[in-house]
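Student: Here it is, the structure, as structure tokens.
The values are calculated or read from the model by the stated rules, or taken from the named source; none is laboratory data. Fair warning: this is a prediction, and the values are worked out from it, not measured in the lab. Cβ placement follows ideal geometry from the backbone for every residue including glycine, while neighbour counts extend to all protein chains displayed.
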């Protein structure tokens, strides 16, 4: 291999990062065209976006606070999508996780603070995992399309939220001013996540989310269970031939994905709203899918992606000062995802085109490695 080619090969890991950055710039350029058509200065809009995201201590803490649930949802999406299980029901799983967390914290207010916080988080994780396992089982054993089932379960979760907040979990002590707001009672302060900056939504949930991103990176790439998830996602037929139970892996991946979405709902309840509200998720489930895609379906890549999209969400209100509706943030998110996902597909296709055809010996090695003995996977 020539020295120049060797250097390029060693720097190959930078290609996805550079492509993503170029895709973001392209999305901003296209959005600028729309802004010019609307008669708005795009440079001023982008300056306002940056100021709204990191322009002050308040805006920065807002960004970090919104990045926390986005990162947790994205971690779960990385797991399910790596297994080729398209979990589009994260929004519903966030709702169920938040409801379970609020219900547990309200039911056991006298527990020690550390125990109450820990068990409340686990309740949210377990509720989200169980709720996501339902479409996982439907797909694995009955062949039900998981996209359709998870989308429908989003609507079911919304109706469950309304049912419980207007019934068993309704705040009976609500004042007349909040009579039109359906919500639970406020959880005890001993269950609140400690804030890292006083008076902000920047709480210890972000530290937990970042730590879990590292844990899931290790899980996916350094454990047998993670290998099975990636093997099923890469080639279910070959994984089944190697002795991997595709059905069990499908359910496991979906349950873990839902668990992290439920945990996102839990940290939002314990760290921000301190109760379950009708709109406490604010679309984190859907935005988390976008974050995962932008991060290349990699847990560590989801960290900067969550910060970026957290900044977009927190700066949406500042766009009004630039003469643009906050809905432009949604348009910008869509453009970023479209360009990033499209560019990644383009890179994959280019690599397949440029790759030399495998020799016969390499083909044999590939087939042999696909047929791994069952003992090596146990």
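Student: Give the residues of the stretch 47-83 that are under 27 Å from residue 233 (Cβ atoms) and not in a helix (DSSP H, G or I), sorted by residue number.
Tutor: Within the stretch 47-83, 83 is the sole residue that qualifies.
Student: Then there is this: Kindly provide the set of residues from the stretch 137-151 that are closer than 17 Å to residue 233 by Cβ and free of Cβ contacts under 8 Å to residues at least 24 places away in the same chain, ordered by number.
Tutor: The answer is 145, and nothing else.
Student: Further question: Only one residue in 196, 169, 212 is at pLDDT 95 or above and either farther than 20 Å from residue 310 by Cα or touching a helix residue (DSSP H, G or I) at 6+ places or on another chain (Cβ under 9 Å) (or both), so which one is that?
Tutor: Step by step, each of 196, 169, 212 is checked, and only 212 is at pLDDT 95 or above and either farther than 20 Å from residue 310 by Cα or touching a helix residue (DSSP H, G or I) at 6+ places or on another chain (Cβ under 9 Å) (or both).
Let's see how each residue does on (1) in contact with a helix residue (DSSP H, G or I) (Cβ under 6 Å, 6 or more places away or on another chain); (2) more than 24 Å from residue 34 (Cα to Cα); (3) at pLDDT 75 or above; (4) loosely packed, with under 11 Cβ neighbours inside 10 Å:
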{"site": "297", "(1), (2), (3), (4)": "yes, yes, yes, no"}
{"site": "301", "(1), (2), (3), (4)": "no, yes, yes, no"}
{"site": "310", "(1), (2), (3), (4)": "yes, no, yes, no"}
{"site": "314", "(1), (2), (3), (4)": "yes, no, yes, no"}
{"site": "317", "(1), (2), (3), (4)": "no, no, no, no"}
{"site": "324", "(1), (2), (3), (4)": "yes, no, yes, no"}
{"site": "346", "(1), (2), (3), (4)": "no, yes, no, no"}
{"site": "368", "(1), (2), (3), (4)": "no, yes, no, yes"}
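Student: Spot the failing condition for residue 143; the list is (1) within 20 Å of residue 246 (Cα to Cα); (2) surrounded by fewer than 23 Cβ atoms within 10 Å (Cβ to Cβ); (3) modelled with pLDDT of 95 or more, and only one is missed.
Tutor: (3) is the only condition that residue 143 fails.
Student: Moving on to the next point. Here is a list: 193, 169. Which entry is in a loop (DSSP other than H, G, I, E, B), in contact with a strand residue (DSSP E or B) (Cβ under 9 Å, 6 or more places away or on another chain) and surrounded by 21 or more Cβ atoms within 10 Å (Cβ to Cβ)?
Tutor: One residue alone meets the criteria, 193.
Student: Quick one: in the stretch 87-110, which of the residues that are without any contact (Cβ under 8 Å) to a residue 60 or more places away in the chain and part of a loop (DSSP other than H, G, I, E, B) is surrounded by the most Cβ atoms within 10 Å (Cβ to Cβ)?
Tutor: Going through the qualifying residues, I end up with 108.
Student: Do you know which residues across the stretch 197-231 are closer than 24 Å to residue 76 by Cβ, assigned to a loop (DSSP other than H, G, I, E, B) and either in contact with a strand residue (DSSP E or B) (Cβ under 6 Å, 6 or more places away or on another chain) or without any contact (Cβ under 8 Å) to a residue 12 or more places away in the chain (or both)?
Tutor: Answer for the stretch 197-231, where residues must be closer than 24 Å to residue 76 by Cβ, assigned to a loop (DSSP other than H, G, I, E, B) and either in contact with a strand residue (DSSP E or B) (Cβ under 6 Å, 6 or more places away or on another chain) or without any contact (Cβ under 8 Å) to a residue 12 or more places away in the chain (or both): just 223.
Student: Out of everything in the stretch 232-241 that is in contact (Cβ under 8 Å) with a residue 60 or more places away in the chain and more than 23 Å from the chain's Cα centre (by Cα), what residue ends up being farthest from residue 81 (Cα to Cα)?
Tutor: 241
Student: For residue 357, work out the one condition from (1) modelled with pLDDT of 50 or more; (2) part of a helix (DSSP H, G or I); (3) surrounded by fewer than 14 Cβ atoms within 10 Å (Cβ to Cβ) it doesn't fulfil.
Tutor: (2)
Student: Here is a follow-up. How many residues does the stretch 263-288 hold that are out of contact with any strand residue (DSSP E or B) (no Cβ under 9 Å at 6 or more places or on another chain) and surrounded by fewer than 24 Cβ atoms within 10 Å (Cβ to Cβ)?
Tutor: 5
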